[in-house]
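Everything on this sheet refers to the single structure shown next.
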């Protein structure tokens, strides 16, 4: 359907390591029928993919454009380790022919989504007391990588902060934890949270658990999940992952005090949702000594909307307008 | 000197575990000659100490009042573990007879100080690139406890977030780290950062180092610092403390991305300042594998102003006005 109304729409895009999803929004409202997906490998850069999209949408004219990048954004420039695209305001403004542009980290975009998701897109994991309207919130993403974004409501508007918290020290409290930490350090020179709490990290954890059991072996993430019933090492890997995820999420809760709630997102977090209760996510999250009671103050839920980053881009643009 | 000009002044106070310091400010400007100190034990509550102060200052009438509390502030109520004073907006407004009141955590107050300190009150520890004016900053306090406050500059104004990051998992990467972690866990049920990185934590670390050396012993913090030249265990305790401090500060830098700088404050941080270079603070701070280069982006300095929390209270009140 050609969309010729000038300056009515916003262009939003979610740029991952492999694919880019692009859509139009009207104000805060993402238009789901406009979502298209492109393989990054088929395009030389951001301009190419956005121009192709706009052409396919009938050369719609956009007032604003916002992209979410699955990598760090610094001084307005987004970066993805495996992609040499230039992702800055000038390129985005030129590609989208838009006046207002913004470049967000993907977790920041998820932070801007809060309050704009359909209620059935949030699945509760841990309940907590009813939060104050201006309470801080925290988005934690586990997928290809691990990261988080604290969301602060101020009397002026919303502030979503950037982070690289997937690269902090992996917590270790037992001898087994330390062996895992050193197993990761041998491969990466440093035992970071993301080196275990991510898709590839989960596979690395299976290797570690297998080695500990005296039978070194490797499996793909989907296979580990699928064989939990037959392979005790797969089951132990899932249990270990859930415990570590709980411990790390608990540390992040103490750091950001998200009395307004913690929101898990990303493909790996969503895949683990059905297993969090069985394998003790709550106990690991709350295992903070004399602060264990405080830990019951933070409700936790999972964002099930796969297009949340696009909605977040639209909400952020609307807040700038 | 009696101050009778109505509504010209702001009342500011810094409430610690043992003493409360109270002063007047004119706008953002702390009036150093008005600073008085009171022992908390001599007063039944906040009202008593503030009324006494105001009486001693000639019953000055204050337009605003702001207190910094060395403990968590939740829903506008400050708490100190060893003090049963009621510290909320109503009590503060009544005691100070002020219209505008605010209750901050002491680290939040330090965050509001940034940009309002005399240049000679900042001592550089690690240099970094010239930061952008709106770059995030981070205050880390080490004294009776450990905490931090991220400072975000937005297009509307400054946002300082609350934290309880002294209670996250103590990092452990070596067998010795893990033994320390378990030594702390035996005493506290959980190995928190503050259980080592604080005044009492430093004494606990000396006990651990002595025990590791086969000669269990204890010393007060000041004595450990004073005997570094004679007692190898005191020296090793200082070295271990500095390394852990660097590792924890590095993790907090990855979490908050303070490209505008990290500002250390608190009595213990100030006491360690002369020893940070010798014992490898920079190396520990930057020891983050492939993120080591990013770690050179964060300048670190020490706030040497003992009254910074009072200045921060004044700056915060002025920003509300």
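Coordinate-derived values only; no laboratory data. Computed from a predicted structure; not experimentally measured. Don't worry about glycine lacking a Cβ; one is built from the backbone with ideal geometry, like all the others, and counts go over all protein chains shown.
Think of the axis that spins chain B onto A; the B residue whose C-beta lies nearest it, and the distance in whole Å, is B:156, 2.
Normalised Debye scattering of region B:22-82 at q = 0.12, 0.16, 0.28, 0.29 Å⁻¹ gives log10 I(q)/I(0) of -0.34, -0.61, -1.35, -1.37, counting only Cα atoms as equal scatterers and leaving out solvent.
The relative contact order of chain A, computed from alpha carbon pairs under 8 Å that lie at least 6 residues apart in sequence, is 21 percent. By the Cα gyration tensor, region B:241-321 has an equivalent ellipsoid whose semi-axes, rounded to whole angstrom, run 26, 17, 8 from largest to smallest. Exposure proxy ranking for A:223, A:236, based on other Cβ atoms within 10 angstrom of each Cβ and starting from the fewest, stands as A:223, A:236. Each 5 Å bin from zero holds the following percent of Cα-Cα pairs in region A:146-228: 3, 14, 19, 20, 15, 10, 7, 5, 4, 2, 1, 0. Estimated at 0.36 nm per residue, the fully extended path between residue B:156 and residue B:100 surpasses their Cα-Cα distance by 18.2 nm. Treating each Cα of region A:38-114 as an identical point scatterer and summing with the Debye formula, the log10 of I(q)/I(0) at q = 0.13, 0.18, 0.19, 0.22 Å⁻¹ comes to -0.38, -0.74, -0.82, -1.08. Relative to its residue count, the protein assembly as shown spans a Cα convex hull of 161 Å³ per residue. Across A:181, A:292, A:198, mean-square fluctuation computed from a Gaussian network of chain A (C-alpha pairs under 10 Å connected) peaks at A:292. The coefficient of translational diffusion for region A:118-180, derived via Stokes-Einstein from the alpha carbon Kirkwood radius under 25 °C and 0.890 mPa s, stands at 165 µm²/s.
Per-residue ellipticity at 222 nm from helix content only, as computed over chain B with -39500 (n - 2.57) for each DSSP H run of at least four residues, stands at -10500 deg cm²/dmol.
Using C-alpha pairs under 8 Å with a sequence gap of at least 6, the mean separation divided by the residue count of region B:105-258 gives a relative contact order of 19 percent. Take each residue of peptide A:247-254, count the partner chain Cβ atoms within 10 Å of its Cβ, and average: the result is 4. Stokes-Einstein diffusion for region B:65-106, with the hydrodynamic radius set to the Kirkwood value over Cα pairs and evaluated at 10 °C in a medium of 1.306 mPa s, equals 156 µm²/s.
Scaled to the globular estimate 2.2 N^0.38 Å, the Cα spread of region B:119-304, given as radius of gyration, is 1.03.
By the compact-protein rule of thumb, 2.2 N^0.38 Å, the alpha-carbon radius of gyration of region A:171-274 corresponds to a ratio of 1.09.
Size estimate for region B:214-261 follows the Kirkwood approach: the inverse of mean 1/r over distinct Cα pairs works out to 12.6 Å. Sorted largest first, the spans of the alpha carbon positions of chain B along the three principal axes are 63, 45, 35 Å.
Annotation: peptides A:68-76, A:251-259, ranked by per-residue average of other Cβ atoms within 10 Å with the highest first, follow the order A:251-259, A:68-76. Computed from Cα atoms, the angle from the helix A:199-212 axis to the main principal axis of chain A rounds to 10 degrees. How far apart, in nanometres, would the label points at residue A:93 and residue A:283 be if each is projected 7 angstrom from Cα along the Cα-to-Cβ direction? Using points 7 Å along Cα→Cβ, the separation is 5.6 nm.
Its Cα gyration tensor gives region A:41-196 an equivalent ellipsoid. The semi-axes, each the square root of 5 times an eigenvalue, are 33, 24, 14 Å from largest down. Taking every residue in B:173-182 and counting other chain Cβ atoms within 10 Å of its Cβ, the average works out to 4.
Each of residue B:239 and residue B:130 was given a label point 7 Å from its Cα along the Cα-to-Cβ line. The distance between the two points is 4.0 nm.
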